Each structure stands twice: as structure tokens, then as C-alpha cells.
């Protein structure tokens, strides 16, 4: 097998407080953005109508907003989907503005009348009732919470230690919170597609964490007399090449989708790209150092460095590992 990277010797647990401080700052900024700016919920959660229109000639978001105000739809929110020659826009009207085909056609005619020199076509129409939107919002919250709880149970059962499961979920919550904060900060629309991206990020990130936890468990059986800090550092460093190469391949695909995938999956790929980067960091810099910190506070026999023998005293003979 070709080795792309040499095994590094990074002291992950020794730098854990630096990692924790960086993550706390990131989550703090995300929480502030969510509390101050809030989410720009899509019609999946608020109810309303979404139209995707494509103009034949040049058009800006500002020009479209002026046309909407002139047509009597000042509350409509236009969004540019692509540049170049396509001139595609999304128009979102929350609430019950356009409930059926007749009102949609009335809206289209009003927009054409307000700006007769800018012909366009309607490519897509979607409508969600307000009660359905509220139900979907609750279901999305339950889905995220349920996924995190299920991961705690799975990891705790697999490694026979609830602390490991909790450490993994803290890292996942960190990834989800950071990605959600990005959408709150940028004002991008949050809909069911973004919820799917958050769940995908959680599932992918925990897979990386489990790989490292497996290596930690294996080395703990072999290196029974080694301090747990050394075992964790060795486990992370030995799997770092696999973590970086695998995530680099995934992120390369997601970046391609982000650049060339078009407006339909642009926000999804953005969430996956940012969440994947943050997830790679949290796997090695949050989950495993948390295990060390909790083991240290619990007072496990491998949590601290083994005491050195007194001067002149014979070193204890190493014990053979039990098979």
C-alpha cells in the first residue's frame, strides 16, 4: 500500500484547551448569529409560495425587487440563483399569498405588467400550507435531536462506555451548531434540504470518530501500561492520514457540486462543504481530547503519567498482555 503521509507526532491532548477555546469561540459566534439574526426559514417551515423564474435578458436582484414592489408584492423576497446568461431568480412569498394556479397566474401577469420590457418564464412553482410548515419544522427538530440521541446510544453500546458516546455527540453538536450558525449569519434559506445536510454531516462525522475510537480501544488492549494520553495521541496520529485523505476526496466532490451543481443544490453543497471541514477538525481535536479529559477527571489508572521509580530502585518487570 502506498503511504502518502508519514505518521506525525502531534500532541492532541496536550493542546486540547487551545482546541476547546477555538471551538467555544466558533459555537459562541454561531449562537449569537442564531439569537440575533435568526434563521431565514424557507417555505417548507413557514408556508408560502416559491417561484423560480428565468429572464431572457440581463436582470439584477435590485431591478427585480423594484418590479415586485411596483406590482404590489413588496413582501416578496427575490434571490439570485445564477449569473452569466441564465439570469435565474427565486421569488419567495411567505404565508398564503399564492394559494392556487389562478393567483399564481395573477402574480405573473402583475410582474410582467410592472416590467414589460423584461420577458421571463416560470420554471418551478411550489406551495406549502402554514400548518404543514409548522409541522415540518417540529419534525425537523425531532429528527436532529433523535439522531444525536441514537448516536449516543450506539457509540456507548459499541465501546461499552457512555462517556465515549457523549464525546462523539458533543463533537457532532459542535458541527451542526457551527453549520447552522453559518446559515444564520449569511441569511441563507433554511429548509428541509438543509436539515438533510445537517443529518448527513452528523452521520459522516461520527463515522470518522468511530474509526479513531476503534484504534484507541485496540491500542488500549495492547498498551495496558501506557498513559491514556499517549494512547490517544498515537491513535489519532496513526489514523490521521486516513482521515485527511478520505475527507479530502469527499470535500473535493462537494466542492465540485458547490461550484458547478447549479442553484438547486447550492445551499446543500455549501452546508456539506462547511460541515465537512468543521467535522474533520472536531473529530481529531474535540472528540478524542474530550475522552482524555473525562478519563483524567474520572481518575482512570491510565489517565495520568505513570509514576517514575525512585532513584536506585529496580524498574518493575513489564507484565505480559493477557490474550
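We did not get these values from a lab; they are worked out from the coordinates using the rules stated. All figures in this text were calculated on a predicted structure; none of them were measured in a lab. Cβ coordinates were reconstructed from backbone atoms using ideal geometry, including for glycine residues, and neighbour counts include every protein chain displayed.
For the chain, find the longest principal axis of its Cα atoms and tell me its angle to the long axis of helix 192-222, 0 to 90°, nearest 10.
Approximately 10 degrees, to the nearest 10.
Can you compute the FRET efficiency between residue 25 and residue 138 using 1/(1 + (r/R0)^6), with r the Cβ-Cβ distance and R0 = 30 Å? Round to the nearest 0.05.
Efficiency computed from Cβ-Cβ geometry: 0.45.
When the Kirkwood radius is taken over all Cα pairs of the chain, what Stokes-Einstein diffusion coefficient follows at 4 °C and 1.567 mPa s, in µm²/s? Can you show the working numbers first?
On the way: Rh = 22.9 Å.
It diffuses with D of about 56 µm²/s by this estimate.
Per-residue counts of other Cβ atoms within 10 Å, averaged by peptide: what ranking do you get for 32-39, 186-193, highest first? Walk me through the numbers on the way to the answer.
On the way: 32-39: 13.5, 186-193: 17.8.
Going by the mean number of other Cβ atoms within 10 Å, highest first, we get 186-193, 32-39.
Mind checking the angle between helix 61-70 and the chain's longest principal axis? C-alpha axes, 0 to 90 degrees, to the nearest 10.
Helix 61-70 sits roughly 40 degrees off the main axis of the chain.
Taking neighbour counts of Cβ atoms within 10 Å as a proxy for exposure, in what order, fewest first, do 53, 61 appear?
61, 53
Going by how many other beta carbons lie within 10 Å of each one, how would you line up 216, 272, fewest first? Working shown, then result.
On the way: 216 21, 272 26.
Least crowded to most crowded, the residues run 216, 272.
By how many degrees, 0 to 90 and rounded to 10, does the Cα axis of helix 162-186 deviate from the longest principal axis of the chain?
Between the helix axis and the principal axis of the chain, the angle is about 30 degrees.
Want the number for residue 103 to residue 214: 0.36 nm per residue separation, take away the alpha-carbon distance, what's left?
The residue 103-residue 214 span can extend by a further 34.1 nm.
More than 16 Å apart: what percent of Cα pairs in region 48-128 qualify?
Of all Cα-Cα pairs in region 48-128, 45 percent lie more than 16 Å apart.
Please compute P(r) over all alpha-carbon pairs of region 85-174, binned at 5 Å starting from zero, and give each bin as a whole-number percent.
2, 11, 14, 13, 9, 8, 8, 8, 8, 8, 6, 4, 2, 0
Can you give me the relative contact order of the chain as a percent, contacts being Cα pairs under 8 Å and 6 or more apart?
24
Multiply the residue separation of residue 122 and residue 207 by 0.36 nm, subtract the distance between their alpha-carbon atoms, and state the gained length in nm to one decimal.
Net length gain for the segment: 26.4 nm.
Okay, helix-only estimate at 222 nm for the chain: each DSSP H run of n ≥ 4 adds -39500 (n - 2.57), divide by all residues, round to 500 deg cm²/dmol; what do you get?
Theoretical 222 nm ellipticity from helices: -21000 deg cm²/dmol.
Fewest to most neighbouring Cβ within 10 Å: what's the order for 164, 294?
294, 164
Which residue fluctuates most in the GNM of the chain (Cα springs below 10 Å): 132, 170, 13?
132
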